[in-house]
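Undergrad: Mind looking over this structure? Questions follow.
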Amino acid sequence: MTVAHRLRTLVAAVTAVVAPLMLAPAALADTATPENPAGPASHAIDDIYRAVIGTTMVIFILVGGWLVYSAIRFRARPGRPIDPPQMHGSSRLEWGWTIVPVLILVGLAGYTFHKLPDVKNAPSDSMVVSVLAQQFQFSYTYGGNSGAAQGKTPSTATTLVVPENTPVKLEVHAKDVAHDWWVPALGPKVDAIPGQTTTTWFRADHTGTFHGQCSEFCGVGHATMAITVKVVSASDWRTYAGGLK
Amino acid sequence: MVTEAVATPPATGHAPGRTGFWSWVTTVDHKRIGILYLITTLFFFVSGGLMALAMRIQLEHSSNNVISADSYDRIFTMHGTTMVFLFTVPVMAAFGNYVVPLMIGARDMAFPRLNAASLWLLLFGGIVMYSGFVWGGGAADAGWTGYPPLSEQSPGHGIDLWIVGLHIVTISSVIGAINFICTIHNMRAPGMRLSRIPLFVWTIDVYAFMIVLALPLLSGALTMLLLDRNYGTSFYAAGHYGPILYQHLFWAFGHPEVYIVALPGFGMISEIVPVFSRKPLFGYRALVYATVAIGFLAFLVWGHHMFAVGMSTPLQVWFMLTSMAIAVPTGIKIFNWVGTMWMGQIRFEPPMLFATGFILTFLIGGLSGIAVATFPVDLYVTDSYFVVAHFHYVMGSIPVFAVLGGLHYWYPKMTGRMLDRALGIRSFWVLFVGFNLTFFPMHAMGLSGMPRRVATYTNTDWNVYNQIATLGAFVLGVGVLMVLINCLRSLRYGRIAPADPWRGNTLEWYTSSPPPPHNFDSLPPIRSERPLDDLRREAAAARA
């Protein structure tokens, strides 16, 4: 095989690998990333996820490519000398591949800190909702900043109704065993642990119905412990809140 | 230049020792114990794998009801427990038992009878745990993590049998670990300095220290759980942060456990890659330092399993940074392996194929580990199938690719027969395809909201991922079956193995296959981490 021939084969192989990767993001946007984020908390998580996964995919292509290339390029073939050069290491290279990953990780950590407030901090004017988790359902009681709904527990136990564009802070409790409140499109999940109060928050930027389910194994009904959050317009919310008994 | 087939070791007297059933039951020979360990752990591997197939059948499509939720919970609990405690950890002891004394030029382990005790305790502990399936009201059903209050409220005695069984297995692992430490630090042949012991021996040493440090945490946590369940204590009562205390204790053991499993797997790869690349390890010292660094850092990262429990932000930041830090020495290992292959003369015998497949799959698991270490992302993916995908790419690629690679590598030494090469290569490809088909779609399941440990699901969007995973699981099962058939057939029909079929570097290849009960008639001088390579070079120089 001539050098030019080899080069052509290499270019063809690289194209065959890279082209699908360039086209893949569009096709895979939904399977390779979190559910369409519907508010600032889930947006921040989505952004950090994309930064991390983008960086790691580049690393995977480089390192995996180096591995596969070495495996093919340096496989034993007749006519090659049997005894390859006996290299015992290279301090410069080894320091290099110690320091470069450290720098990459520092960069990812820095970006995470930058995005952190949106994930963690519920605004002080948030509507407060107390969540009670028990085998095998979630129920909700409205608290501060919830207008006419304050102090009320809707009888439709599994559906939480909240207004759009309003920050909602969840104070989560558990009655029997540990559970976990998770609605992927809205925000970070949070464990419900007996004897403790844990919190999370979300703000939905548009109306709609969002689904989730318990994410901490809690017994035989775990798989069916559903969560539904119905986000309604401000006027619909006033009607709903006023109608609660 | 060195040619093949030089420095044939002196023929060792082939004395097989006593034979027959009782000679195996009563044996204290580290090689026989190693083989019995291997048979025991492979038995548990197959039973854990069958449980996984049952789960994949149940999850094949939405709203399936082949298996009830109650049975499903017991099956996934015992699948995790089996794979972690009865297979992946002790299978390292199987290879450690067989190979470590040979690699360091020793006659046996430091405490042969203690060694036999750890083998039989492992089997006994496993039987106690499994006995829940036949009496006591069903096997454990609270997950391999056994979180209270769920594990305290579980009726019947399944959880109690699980705790007692784990205690027995833990004692087995700890006394085995003490034995490894004593052997490696006291039984080395003259010239076998710590700076010359093979990487696999280094990783078994760190593995053993980690077992001695980490497993008592589990024993303490489980003892309190047992007392809470049966004798009215309230260590884990709600209201005193009891449930969280258990999680801290469990993961302070549980994360070191991941590296207890991983390090010897890394050690196997570090043995296989240089032999088949015909080069020394690239950066032996860096690999040793990376092993020790991983062993140390592994004790500082446990909180990343608990990001969602309402942990304070500074603590989340700490656990994120320590978890990211562990990626650095792990990266060093991967780079040094590929550096070893670079410019080599790589022979893709089955062990080398498995090693290459391992590096690639472990790379995926390591990189998704950065995603789960970043705690805001973890607050999305934790307890979802994304995490299931991640830990199978890490904890699952070790048994499937590193351990089975090690099996293909050392089988000729253990049995005196070669495995069928063509079948070995085919089984690698079946396993490689099956593994990725099973676990890769799980990333997508988690990202689209599927929690782990669900006995069923109603969201039909998840069907396609689950169907691919179920198909993959059966392919994986066929691959494991092919390996087992190869192992059994080759016992009788395999080509007779020479002492050194691979042109190995380490002392186990200096003695006959299988070695005599006393291991070595004589030992070569040991001047580097590759004494057999030195011998070949000397012989070539003498002829030139």
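Undergrad: Which of the residues that make up the stretch B:348-380 are more than 8 Å from every other protein chain (Cβ to nearest Cβ) and β-branched (Val, Ile, Thr)?
TA: B:THR361, B:VAL372
Undergrad: Considering each of A:PRO20, A:PRO34 in turn, give the residue that is at the interface with another protein chain (Cβ under 7 Å from one of its Cβ atoms) and either at pLDDT below 95 or exposed (fewer than 13 other Cβ atoms within 10 Å of the Cβ) (or both). Quick ask: steps written out before the conclusion?
TA: Working: A:PRO20 fails: at the interface with another protein chain (Cβ under 7 Å from one of its Cβ atoms).
Only one candidate passes the filter, namely A:PRO34.
Undergrad: Among the residues of the stretch A:79-131, count how many are aliphatic (A, V, I, L, M) and assigned to a helix (DSSP H, G or I). Spell out how you get there, then give the answer.
TA: First, the residues of the stretch A:79-131 that are aliphatic (A, V, I, L, M): A:82, A:87, A:93, A:99-100, A:102-106, A:108-109, A:116, A:119, A:122, A:127-129, A:131.
Right, trim to assigned to a helix (DSSP H, G or I) and you get A:93, A:99-100, A:102-106, A:108-109, A:116, A:119.
Result for the stretch A:79-131: 12.
Undergrad: Right, next: For the stretch A:171-186, which positions are outside any strand (DSSP E or B) and within 8 Å of chain B (Cβ to nearest Cβ)? Give the steps one after another, and end with the answer.
TA: To start, the set of residues in the stretch A:171-186 that are outside any strand (DSSP E or B) comprises A:175-178, A:182-186.
Result: A:ASP176, A:VAL177, A:ALA178, A:TRP182, A:PRO184.
Undergrad: Collect the residues in the stretch B:215-239 that are in contact with a Gly (Cβ under 9 Å, 6 or more places away or on another chain) and touching a residue at least 60 places away in the same chain (Cβ under 8 Å), keeping them in residue-number order.
TA: Of everything in the stretch B:215-239, those that are in contact with a Gly (Cβ under 9 Å, 6 or more places away or on another chain) and touching a residue at least 60 places away in the same chain (Cβ under 8 Å) turn out to be B:LEU222, B:LEU225, B:ASP228, B:TYR236, B:ALA238.
Undergrad: Also: Can you give me the number of residues within the stretch A:201-245 that are buried (at least 19 other Cβ atoms within 10 Å of the Cβ) and without any contact (Cβ under 8 Å) to a residue 40 or more places away in the chain?
TA: 6
Undergrad: Hey, could you check the stretch B:217-247 for residues that are more than 9 Å from every other protein chain (Cβ to nearest Cβ), at negative phi and of a type in the set (Gly, Ala, Ser) and say which is most open to solvent (accessible area, probe 1.4 Å)?
TA: My answer is B:SER234.
Undergrad: Are any of the residues in the stretch B:424-439 basic (Lys, Arg) and farther than 16 Å from B:GLY405 by Cα? I'd like the intermediate steps shown before the answer.
TA: The initial filter retains those residues of the stretch B:424-439 that are basic (Lys, Arg), namely B:426.
Restricting the remaining residues to those that are farther than 16 Å from B:GLY405 by Cα gives none.
Within the stretch B:424-439, none of the residues are basic (Lys, Arg) and farther than 16 Å from B:GLY405 by Cα.
Undergrad: Same structure, new question: When you look at A:ASP118, is it within 30 Å of B:ALA371 (Cβ to Cβ) and charged (D, E, K, R), yes or no? Write out each step before concluding.
TA: Values: within 30 Å of B:ALA371 (Cβ to Cβ): yes; charged (D, E, K, R): yes.
Yes: the conditions hold for A:ASP118.
Undergrad: State which residue pairs qualify: first residue at the interface with chain B (Cβ under 7 Å from one of its Cβ atoms) and free of Cβ contacts under 8 Å to residues at least 40 places away in the same chain and inside the stretch A:81-108, second residue loosely packed, with under 12 Cβ neighbours inside 10 Å and of a type in the set (S, T, N, Q) in any location, beta carbons under 8 Å apart, and separation of 6 or more residues or different chains.
TA: From the stretch A:81-108, the pairs are A:ILE82/B:THR3.
Undergrad: Out of A:PRO188, A:PRO184, A:PRO154, A:PRO194, which single residue is more than 29 Å from B:GLY146 (Cα to Cα), of a type outside the set (Asp, Glu) and open to solvent by less than 20 Å² (accessible area, probe 1.4 Å)?
TA: A:PRO154
Undergrad: Now for a separate question. Residue by residue through the stretch B:170-207, note down the ones that are within 15 Å of B:ALA110 (Cα to Cα) and among the β-branched types (Val, Ile, Thr). Before the answer, list the steps.
TA: At the first step, the residues of the stretch B:170-207 found to be within 15 Å of B:ALA110 (Cα to Cα) are B:174-189, B:201, B:204-205.
Matches in the stretch B:170-207: B:VAL174, B:ILE175, B:ILE178, B:ILE181, B:THR183, B:ILE184, B:VAL201, B:ILE204.
Undergrad: Before we move on, is B:ASP160 within 14 Å of chain A (Cβ to nearest Cβ) and among the acidic types (Asp, Glu)? Please lay out each step first, then the result.
TA: Details: within 14 Å of chain A (Cβ to nearest Cβ): no; among the acidic types (Asp, Glu): yes.
No, not satisfied.
Undergrad: Give all pairs with beta carbons closer than 6 Å in which a residue from the stretch B:163-185 that is free of Cβ contacts under 8 Å to residues at least 60 places away in the same chain meets a residue that is aromatic (Phe, Trp, Tyr) and open to solvent by 20 Å² or more (accessible area, probe 1.4 Å); count only pairs at least 6 apart in sequence or on separate chains.
TA: B:ILE168/B:PHE124
Undergrad: Would you check which residues across the stretch B:114-143 are assigned to a loop (DSSP other than H, G, I, E, B) and either open to solvent by less than 40 Å² (accessible area, probe 1.4 Å) or over 27 Å from A:GLN135 (Cβ atoms) (or both) and list them? Explain how you work it out, then say what you get.
TA: First, the residues of the stretch B:114-143 that are assigned to a loop (DSSP other than H, G, I, E, B): B:134-143.
Those that are assigned to a loop (DSSP other than H, G, I, E, B) and either open to solvent by less than 40 Å² (accessible area, probe 1.4 Å) or over 27 Å from A:GLN135 (Cβ atoms) (or both): B:VAL134, B:GLY136, B:GLY138, B:ALA139, B:ALA140, B:ASP141, B:ALA142, B:GLY143.
Undergrad: Which residues, counting only those in the stretch B:427-452, are under 22 Å from B:ILE398 (Cβ atoms) and either at the interface with another protein chain (Cβ under 8 Å from one of its Cβ atoms) or of a type outside the set (A, V, I, L, M, F, W, C) (or both)?
TA: Once the filter is applied, which keeps residues that are under 22 Å from B:ILE398 (Cβ atoms) and either at the interface with another protein chain (Cβ under 8 Å from one of its Cβ atoms) or of a type outside the set (A, V, I, L, M, F, W, C) (or both), the stretch B:427-452 yields B:SER427, B:GLY434, B:ASN436, B:THR438, B:PRO441, B:HIS443, B:GLY446, B:ARG452.
Undergrad: Among the residues of the stretch B:489-536, which ones are modelled with pLDDT under 95, among the acidic types (Asp, Glu) and under 28 Å from the mean Cα position of the chain (by Cα)?
TA: B:GLU529
Undergrad: Further, regarding this structure: So in the stretch A:73-117, with the set limited to residues that are under 25 Å from B:ARG347 (Cβ atoms) and of a type in the set (A, V, I, L, M), which one is surrounded by the fewest Cβ atoms within 10 Å (Cβ to Cβ)? If you could, list the steps in order and put the result at the bottom.
TA: Going through the stretch A:73-117, the residues under 25 Å from B:ARG347 (Cβ atoms) turn out to be A:73-90, A:93.
Those left that are additionally of a type in the set (A, V, I, L, M): A:76, A:82, A:87, A:93.
On the way: A:ALA76: 15, A:ILE82: 12, A:MET87: 17, A:LEU93: 17.
If we take residues in the stretch A:73-117 being under 25 Å from B:ARG347 (Cβ atoms) and of a type in the set (A, V, I, L, M), then A:ILE82 is surrounded by the fewest Cβ atoms within 10 Å (Cβ to Cβ).
Undergrad: Report yes if some residue within the stretch B:328-347 is more than 9 Å from every other protein chain (Cβ to nearest Cβ) and part of a loop (DSSP other than H, G, I, E, B); otherwise report no.
TA: no
Undergrad: Read through the list (1) more than 9 Å from chain B (Cβ to nearest Cβ); (2) among the aliphatic types (A, V, I, L, M); (3) touching a Lys or Arg at 6+ places or on another chain (Cβ under 6 Å), then give the number of the only condition that A:VAL58 fails.
TA: (3)
Undergrad: Is one or more of the residues making up the stretch B:165-174 within 14 Å of chain A (Cβ to nearest Cβ) and either in a helix (DSSP H, G or I) or surrounded by fewer than 24 Cβ atoms within 10 Å (Cβ to Cβ) (or both)?
TA: Keep residues of the stretch B:165-174 that are within 14 Å of chain A (Cβ to nearest Cβ), which gives none.
No, there is no match, as no residue in the stretch B:165-174 is within 14 Å of chain A (Cβ to nearest Cβ) and either in a helix (DSSP H, G or I) or surrounded by fewer than 24 Cβ atoms within 10 Å (Cβ to Cβ) (or both).
Undergrad: Restricting to the stretch B:448-476, count the residues that are in a helix (DSSP H, G or I) and surrounded by fewer than 20 Cβ atoms within 10 Å (Cβ to Cβ). Can you show your working first?
TA: Initially, the stretch B:448-476 is screened for residues in a helix (DSSP H, G or I), giving B:460-476.
In the following step, the residues that additionally are surrounded by fewer than 20 Cβ atoms within 10 Å (Cβ to Cβ) were identified as B:460-461, B:463-464, B:467-468, B:471, B:474-475.
Number satisfying all stated conditions: 9.
Undergrad: Would you pick out the residues in the stretch B:271-315 that are open to solvent by less than 10 Å² (accessible area, probe 1.4 Å), under 19 Å from the mean Cα position of the chain (by Cα) and either within 19 Å of B:ILE197 (Cα to Cα) or facing another protein chain (nearest Cβ under 8 Å) (or both)?
TA: B:ILE272, B:VAL273, B:LEU287, B:ALA290, B:THR291, B:ILE294, B:GLY295, listed by residue number.
Undergrad: Looking only at the stretch B:493-522, count how many residues are buried (at least 17 other Cβ atoms within 10 Å of the Cβ) and either not in a loop (DSSP other than H, G, I, E, B) or not aromatic (Phe, Trp, Tyr) (or both). Walk me through how you get there before you give the answer.
TA: Step one: of the stretch B:493-522, the residues buried (at least 17 other Cβ atoms within 10 Å of the Cβ) are B:494, B:497, B:499-515, B:519-520.
Pick out the ones that are also either not in a loop (DSSP other than H, G, I, E, B) or not aromatic (Phe, Trp, Tyr) (or both) and you get B:494, B:497, B:499-501, B:503-515, B:519.
Counting residues in the stretch B:493-522 that are buried (at least 17 other Cβ atoms within 10 Å of the Cβ) and either not in a loop (DSSP other than H, G, I, E, B) or not aromatic (Phe, Trp, Tyr) (or both) gives 19.
Undergrad: Would you confirm whether or not the stretch B:196-203 contains a residue that is within 30 Å of B:PRO525 (Cα to Cα), touching a residue at least 24 places away in the same chain (Cβ under 8 Å), within 14 Å of another protein chain (Cβ to nearest Cβ) and open to solvent by 10 Å² or more (accessible area, probe 1.4 Å)? So that I can check it myself, show each step before the final result.
TA: Step one: of the stretch B:196-203, the residues within 30 Å of B:PRO525 (Cα to Cα) are B:196-203.
Narrowing further to those that are touching a residue at least 24 places away in the same chain (Cβ under 8 Å): B:196-203.
Right, trim to within 14 Å of another protein chain (Cβ to nearest Cβ) and you get B:196, B:199.
When the remaining residues are screened for being open to solvent by 10 Å² or more (accessible area, probe 1.4 Å), the result is B:196.
Yes - at least one qualifying residue is present in the stretch B:196-203.
Undergrad: Go through the stretch A:61-72 residue by residue and tally those that are facing chain B (nearest Cβ under 7 Å) and either hydrophobic (A, V, I, L, M, F, W, C) or open to solvent by 70 Å² or more (accessible area, probe 1.4 Å) (or both).
TA: So the first thing to find is which residues in the stretch A:61-72 are facing chain B (nearest Cβ under 7 Å), and the list is A:63-64, A:66-67, A:70-71.
After this cut, where a residue has to be either hydrophobic (A, V, I, L, M, F, W, C) or open to solvent by 70 Å² or more (accessible area, probe 1.4 Å) (or both) as well, the list is A:63, A:66-67, A:71.
Adding up the residues that qualify gives 4.
The values are calculated or read from the model by the stated rules, or taken from the named source; none is laboratory data. Computed from a prediction, not measured in an experiment: that's the story for all the values here. Ideal geometry is used to build each Cβ from the backbone, glycine not excepted, and the neighbour counts take in all protein chains shown. In case anyone asks, the SASA skips ligands and DNA or RNA and just uses the protein heavy atoms, side chains included. Shrake-Rupley method; radii C 1.70, N 1.55, O 1.52, S 1.80 Å.
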